[in-house]
Amino acid sequence: MLVLLDSLPIFTAFSVSLAVCILSALFFLHPRVPLGFIRLHMGIITLPVLIALFALITTDASTVIGPWRLDSLAWLMVLFVLTIGLVVQRYSVRYLLGDRSYRKYFVLLTFTTGAASFTWLSNDLRWLLVWWGLTLLGLLLLIGLNREWKVARVSAIFSGRLFIFSWLALLVAVLWLSQATGHWQLSLMMVNDRLAQISSWERTGINLLLVLAVIIPAAQWPFQRWFLNSVVAPTPVSAVMHAGLVNAGGIMLTRFAPLFSGDLAQIVLVILSGLSILLGTGIILVQVDYKRQLVGSTIAQMGFMLIQCALGAYLAAIIHLVFHGLFKATLFLQAGSAVRRYEPTSRPIQLSSLLWLIVGSALGLFVVVYFWLTAPEIGYQLISALILGYSLFFAWTQLVAFGYGLIGRIAGFFLLGGAGMVFSMIHAAFYDLLHETIYQVVQPPTLAVILVMVILLSGSALGVWLTRNRSSASFAILYLWLVRLSEPHSDSVESHPNYLARYLYWGGNRR
């Protein structure tokens, strides 16, 4: 009861502060309000971020207040979403200045991040449906806000159709789950007694609907084209998509983990996400547009996040979600200053570098064996060990083996060691914060582990083969196929914004 009394005032203060943010944005929408008001608005939207941080620090138990679930995972997601929203809006103050929809952008950015926050606080699935639908609506309006540009309208229409399809899949899954368990509250559904009432075929059907509902916003194959189309939106819109929108699948599957784990739908998710990883990596390699390269990277990273969920590594998925969202939003905001420097791509491998490569290989192999043997009871530990070992070998190669001279190698070694310590500290902090909230899976399906192994090994083997056979017909076919898959819809591409022509025409006549 003490926790309830502590949580209710915090949640009330948070709700009021978010309502004030919405009112502030609506007030700024009026044309007579001076543009300088946006500075005050920046201060107002900082308040719910601070309250969410305070709630995250002081929350020590899962509390249900009416339709809301206030636990550490919920407050972490709220803090994550609103922090990215705050940074993006602060960046947009000058970036979007002069745009005809300048005021509308701040209204929609505030509305979208606010709706996403309430989505992840919802315990009643009816409210979750409402807030998630409003979040997708806000994102859709942001993509198509420039209605005078045909490309933006086409992109919004295409994305809207897929968003509706995704939301309807979630709606059917929620209705089906509620009918089978007799509850609307997620915390009451995800208990063994209620889940035991669901037959195996019903469970698989609900989970397949959940998979469909999460892979569309995550731009997984074969639904990746909406994300490629969305690059026509301003850069802040692309950045705010990483605030619990394209990465919403990790949060949603974590909440439904007791239902999702141990089901056939995990295998389906592994297959689709594995294909998306290969596709996203291919997009990075064949696209020359920087924003589309970032889109391809996000598609691949969302595939990794969903595979983590499919293997039951929900804590790892949440950590991945948070840091990838922060990192990729930053890259999108820096997209305008990205300049490719033409430098030699390769250097002759010296004997000393080769020796350091051998040391790095041995070190990576040692980490794989040690990491796997320290927790053999966890089924996804082998996958984690392989990924960690490969990452260590790659970082060692770039920072140490190919370092410039002895000083460069020493600096790379200490940088790598510091990164390892930071990684360990972050993982420990997230575990202490979320281990009581996130469902723990001991053993994922063996077939899912085998499929992930096959995807990782086959993808690596294919990459090595292609780099050595660039003049082959197979390489050309694969290259052109990836280019075709990574291109947006033809109606959402223009050589230049034709809608500006009439403004240039009238401006020329006035002169």
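Every number here is computed from the coordinates shown, using simple stated rules; none is lab data. Not measured: the values here are computed from a predicted model. Glycine also receives a Cβ, built like all others from the backbone with ideal geometry; neighbour counts cover every protein chain displayed.
Computed values, structure above
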quantity: Set of lysines with alpha-carbon distance to LYS328 below 26 Å, sequence-local pairs under 8 removed; calculated: LYS104, LYS291
quantity: Segments 249-259, 174-184 sorted - mean Cβ within 10 Å per residue, highest first; calculated: 249-259, 174-184
quantity: Mean shadow area of the stretch 53-114, taken as a quarter of the surface of its Cα convex hull (nm²); calculated: 4.9 nm²
quantity: Under-5 Å amide H pairs with LEU70, H placed in peptide plane, nonlocal only; calculated: THR63, VAL64, ILE65
quantity: Note, ³J(HN,Hα) from phi for the stretch 320-332, Karplus 6.51, -1.76, 1.60, rounded to Hz, x at Gly and Pro; calculated: 4, 4, 5, 6, 5, x, 5, 5, 6, 4, 5, 5, 5
quantity: Distance from the stretch 271-304 to the stretch 88-111 (C-alpha centre basis), Å; calculated: 28 Å
